[in-house]
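Reading through the structure tokens given below for one structure.
Please treat every number below as a calculation from the coordinates, not as lab data. Please read these numbers as outputs of a predicted model, since none were measured by experiment. Quick reminder, even Gly has a Cβ in these numbers, built from the backbone with ideal geometry, and neighbours come from all protein chains shown.
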Amino acid sequence: MSDRKKVFWQEMRRTEFEEAAAAGAVVVIPMGSTEQHGLHLPVNTDIYNAQSIAARAAQMVEEFPVIVAPPIWSGLSPHHMRFPGTITLSFETVVNFLTDVCSSIAAHGFKKIILLNGHGGNVAIVNAICNLKLKYEDELQVLPLTYWQTIPEAMNEISEVDGGSIGHAGEMETSLELFLQEELVDKSQMVAAPGVGGDPTAGTKEKGERIVEAASKKLAEIIREYRAQD
């Protein structure tokens, strides 16, 4: 991996942040959740997907620096608390946490920040925080994105049984984990158990690779367009 450029915030030195900010770097913050994903997928599914897509997109952009911030591992998941392994934050904690993280990044001179979400339960609050609180109260420019919402055509084309929906530990997320972290998937338990939305049996590694490739390319495109805006 020595030929890969450095993109992770936590691997950088303070002098590198100064250089990146001066070069107009875009910072991508992956956000997901720590929650149950059926009997077969790990609880890191949502965040690992977002972080993986962010890192791939950052590698694709050569014209200017793109930094992937440390991931926000938990979000709003009260609806999954009846299943073991879920860790949810309160509404107020999510608002304060995201505000503090974005404010810290902006304080170091970064003017373009993207919050890349990988959890359905975060969509509404992330959009509200970025488009209302951060924009008008904190005067920060933060673009909210949910990765599967950026590629609806690809999702529909790839999906065979779940209608292009990300679902929950169904066809699409099972496919993603089979591609990204197959060693953590219990293939003997790929069933539509309680807490699963969609059909895990339709998941394949090939579908997961196609989703990641489409989402990463789209994110790289959005990053370039966002950077070019005033």
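Some points to look at:
- Comparing Cα centroids, region 119-163 and region 22-78 end up 13 angstrom apart.
- Computed over neighbours whose Cβ is under 10 Å from that of GLU173, the net charge equals -4, Lys and Arg +1, Asp and Glu -1.
- Neighbour counting of Cβ atoms within 10 Å sorts the residues ASP46, ASP138, fewest neighbours leading, into ASP138, ASP46.
- Approximate spin-label separation GLU183-ARG224, in nm, with each point projected 7 Å along Cα-to-Cβ: 3.5 nm
- Gain in span if fully extended, MET60 to GLN10, counting 0.36 nm per residue against the direct Cα distance: 16.1 nm
- Prolate/oblate/rounded label for region 70-169 (Cα gyration tensor, a/c 1.5): oblate
- In degrees, nearest ten, helix 171-180 long axis to first principal axis of the chain (Cα): 60 degrees
- Förster-model FRET efficiency, 25 Å R0, LYS111 and SER90, C-beta, rounded to 0.05: 0.25
- Taking the Kirkwood radius as Rh and the Cα radius of gyration as Rg, region 1-58 has a ratio of Rg/Rh equal to 1.10.
- Estimated distance in nm for a label pair at THR201 and VAL161, the labels positioned 7 Å out from Cα along Cα-to-Cβ: 0.5 nm
- Relative contact order for region 112-230, counting Cα pairs under 8 Å that sit 6 or more residues apart, in percent: 23 percent
- Angle between the chain longest axis and helix 91-107 axis [Cα atoms, degrees, rounded to 10]: 40 degrees
- Averaging the sequence gap over all C-alpha pairs within less than 8 Å and six or more residues apart, then dividing by the number of residues, gives region 1-64 a relative contact order of 33 percent.
- A cut-off under 12 angstrom between Cβ atoms defines the neighbours of ILE113, and their net charge, with Lys, Arg +1 and Asp, Glu -1, is +3.
- Pairs from the list LYS133/LYS205; LYS6/LYS133; LYS135/LYS207; LYS6/LYS112; LYS112/LYS207; LYS5/LYS187 with a Cα-Cα gap above 29 Å: LYS133/LYS205; LYS6/LYS133; LYS135/LYS207; LYS112/LYS207; LYS5/LYS187.
- Annotation: amide H-H contacts under 5 Å for LYS112 (H modelled 1.01 Å from N, sequence separation of 5 or more, or interchain): VAL27.
- Within the chain, all pairs of alpha-carbon atoms sorted by distance into 10 Å bins from zero give the percentages 8, 33, 35, 19, 4, 0.
- As a length-normalised measure over Cα pairs under 8 Å and 6 or more apart, the relative contact order of the chain settles at 23 percent.
- Between the Cα long axis of helix 45-60 and the first principal axis of the chain there is an angle of about 50°, rounded to the nearest 10.
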